[in-house]
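S.K.: Below is the structure I would like to discuss, written out as structure tokens.
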């Protein structure tokens, strides 16, 4: 029997420097993710369709009040230069970087639904 494929890791780039200071400008996460918007499964769809969306490989988010960018490790295989750009951005700006930790919870017994 073969093992299930390993799910790509997710790396969190936090908007806090290693010295504990907030990173500026305050919209840095949206700017970085916007620069990576064209890197997506299947490439960029033809035509602009009048809207901008983020790549699923590089998504801005807020975690505990701290702006972050979640970078999916699959970006490394899709476009190594884009991966290097994002990781070098974090390093060059002395930002804290950590791996996401996914905790799988046991199946619900139904008791938490207010029954």
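The values are calculated or read from the model by the stated rules, or taken from the named source; none is laboratory data. This is a predicted model, so every value here is computed, not measured. Note that each Cβ is placed from the backbone with ideal geometry, even for glycine, and that neighbours are counted across all protein chains shown.
S.K.: Name, by its number, the condition in (1) over 15 Å from the mean Cα position of the chain (by Cα); (2) surrounded by 11 or more Cβ atoms within 10 Å (Cβ to Cβ); (3) at pLDDT 95 or above that does not hold for residue 69.
M.R.: Evaluating residue 69 over (1) over 15 Å from the mean Cα position of the chain (by Cα); (2) surrounded by 11 or more Cβ atoms within 10 Å (Cβ to Cβ); (3) at pLDDT 95 or above leaves (1) as the failure.
S.K.: Go through the residues of region 41-51 one by one and say whether even a single one is under 13 Å from the mean Cα position of the chain (by Cα), at pLDDT below 90 and surrounded by fewer than 20 Cβ atoms within 10 Å (Cβ to Cβ). First the steps, then the outcome.
M.R.: Here is the first cut: in region 41-51, the ones under 13 Å from the mean Cα position of the chain (by Cα) are none.
No, region 41-51 contains no residue that is under 13 Å from the mean Cα position of the chain (by Cα), at pLDDT below 90 and surrounded by fewer than 20 Cβ atoms within 10 Å (Cβ to Cβ).
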